[in-house]
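In what follows, a structure is listed as structure tokens, so that the remarks can point back to it.
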Amino acid sequence: MDKNNPDYVLIDTNFIYFILKNKINLIEALVQCLNTITVPCVSECVLLELEKLGPKFKLALRYLKNKEIIKLKCFHPNNIVYADDCIFNTVSLYRYFIAATCDIKLKKRIKQIPGSRILSIRKNKIFLI
């Protein structure tokens, strides 16, 4: 792994929920886990999904709108807004992304992509699968 190039981390809806629930500092935890500069990213689909989930996820939505987190325009037709499919497709097309998710089904799908990397949360810590 080249320490001069950052790792791009694509964040899923449930991952940000667990980050906030466990009071984990996202940026610090990513750097500590990956031991390199990290660039957290979120797709439009994840932001739309959080908006649809309502007031309970208002904090998560506000957190993701932070200027340190890159907002990605989705690479698929506008009629697809299911965040898991969006993340899977993005990681498939652009192998430099690391998927950050706690969703078991999405993890299984992404593991089928050769060379893919996944971040998850266990015991209040982020770890690389």
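The table for this structure:
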{"quantity": "Eligible lysines near residue 56 by straight Cα distance, threshold 19 Å, same-chain separation 8 or greater", "calculated": "21, 23, 65"}
{"quantity": "R0 of 30 Å, Cβ-Cβ distance residue 31-residue 94: FRET efficiency to nearest 0.05", "calculated": "0.90"}
{"quantity": "Within the stretch 34-51: backbone nitrogen closer than 11 Å to the residue 104 label point (7 Å, Cα to C-beta)", "calculated": "none"}
{"quantity": "Percent of beta bridges antiparallel (DSSP, the chain, rounded to nearest 5)", "calculated": "25"}
{"quantity": "Residues of the chain: accessible area per residue with a 1.4 Å probe, Å²", "calculated": "59"}
{"quantity": "Neighbour-limited loop hits for chymotrypsin sites (Phe, Trp or Tyr not before Pro), the stretch 23-102 (at most 15 other Cβ within 10 Å; DSSP other than H, G, I, E, B)", "calculated": "75, 82, 94, 96"}
{"quantity": "Shape call, the chain: gyration tensor on alpha carbons, a/c limit 1.5", "calculated": "rounded"}
{"quantity": "Peptides ranked, highest mean first, by Cβ atoms within 10 Å: ranges 106-119, 36-49", "calculated": "36-49, 106-119"}
{"quantity": "Relative packing of peptides 18-24, 99-105 - highest average C-beta neighbours within 10 Å first", "calculated": "99-105, 18-24"}
{"quantity": "Dipole magnitude of the chain, debye to nearest 20 (Cβ charges: Lys/Arg +1, Asp/Glu -1, about Cα centre)", "calculated": "380"}
{"quantity": "Net charge, residue 82 excluded, C-beta distance under 13 Å - Lys, Arg +1, Asp, Glu -1", "calculated": "-3"}
{"quantity": "Distance in nm between pseudo-label sites at residue 125 and residue 39 (7 Å out along the Cβ direction from Cα)", "calculated": "2.8"}
{"quantity": "Entries in 67/108; 73/123; 58/111; 71/108; 67/105; 67/111 that, when Cα-Cα distance is taken, lie over 28 Å", "calculated": "67/108; 73/123; 58/111; 67/105; 67/111"}
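The values are calculated or read from the model by the stated rules, or taken from the named source; none is laboratory data. These numbers come from a predicted model, not from an experiment. Every residue, glycine as well, gets a Cβ built from its backbone with ideal geometry; the counts of neighbours run over all protein chains shown. Accessible surface is based on the protein model in full, side chains and every heavy atom, while ligands, DNA and RNA are left aside. Shrake-Rupley method; radii C 1.70, N 1.55, O 1.52, S 1.80 Å.
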